[in-house]
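The values are calculated or read from the model by the stated rules, or taken from the named source; none is laboratory data. Everything quoted here is computed from the prediction, not taken from an experiment. Every residue, glycine among them, receives a Cβ derived from its backbone with ideal geometry; neighbour counts consider all protein chains shown. Just so you know, the surface numbers come from the protein's heavy atoms only, side chains and all, with ligands and any DNA or RNA stripped out. Shrake-Rupley method; radii C 1.70, N 1.55, O 1.52, S 1.80 Å.
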Amino acid sequence: MKKMTDYTLNEIHSQPEVWQQILELCEKQEHKQISEWMSTGQPVLTGSGSSFYLCLTAAAFLTQLSRRRALAVSGSEVCTFPNALFSESEPYSLLAVSRNGKSAETIGAARWFKESQSATPVAVSTVTSSPLLEICEPGLLLTPAAEKSRYMTRSFTGGLLALHYLIATSTGNHEIARELRKLPEACSRVIDACCGMVKFIAEEKQLKRSS
């Protein structure tokens, strides 16, 4: 039986291949919902935990390239103080990011948005069926990045790469998109160069985790 750490290590090492598959998925499919999210109303991203950090990075990237302000708000904030975040006089579009579509905060945020804004949020996930997808339109389903480990590795980096790539191509920044296409090969070189050192550190019993 595999240990959880085995899954994590395999998922980290698989990132170059997964990134390549994700880039091909982005290029071959239209992703109409993601394009509409970027162009309709004020774009907002929501998620919880590590997915929220992904939202923060993607929102900053979209703001920089589109010159339109994009917001990232945590799912718990939307559930707790929605009226402090959303104005009744302004239209919004919501992108909910969740690895497995089971985050209670992200589901609650998507449900609130759908009921209060009379608009269907869009989801980014690594699964094809989940409670979140019962509320949202499936905007980007990154099934190659699905994970068994409890830790987000390739699902985080794969989702970040996909959103950056689609934002770059949608805003006409094709030079950035070309650079992003080089990342799978670059990632492979980094993993090959570092995996021995990381394995040594992980297995060195004299090293202790600091408190």
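If a residue has to be in contact (Cβ under 8 Å) with a residue 60 or more places away in the chain and of a type outside the set (D, E, K, R) to count, how many in segment 131-154 make the cut?
Looking only at that region, the number is 10.
What number of residues within segment 142-151 satisfy the criterion of being closer than 18 Å to Lys102 by Cβ and either in a helix (DSSP H, G or I) or open to solvent by 50 Å² or more (accessible area, probe 1.4 Å) (or both)?
5
Quick one: would you say Val198 is under 19 Å from Tyr7 (Cα atoms) and out of contact with any helix residue (DSSP H, G or I) (no Cβ under 8 Å at 6 or more places or on another chain)?
Answer is yes for this residue.
What are the residues in segment 80-127 that are of a type in the set (A, V, I, L, M) and not in a loop (DSSP other than H, G, I, E, B), if any?
Residues satisfying the conditions are Ala84, Leu94, Leu95, Ala96, Val97, Ala104, Ile107, Ala109, Ala110, Val122, Ala123, Val124.
Is it the case, given these coordinates, that Ala84 is buried (at least 18 other Cβ atoms within 10 Å of the Cβ) and within 15 Å of Val44 (Cβ to Cβ)?
The answer is no for Ala84.
Going through Ala123, Ala168, Ala119, Ala177 one at a time, which residue ends up being out of contact with any Lys or Arg (no Cβ under 6 Å at 6 or more places or on another chain), more than 20 Å from Tyr53 (Cα to Cα) and open to solvent by less than 20 Å² (accessible area, probe 1.4 Å)?
Every option except Ala177 fails the conditions.
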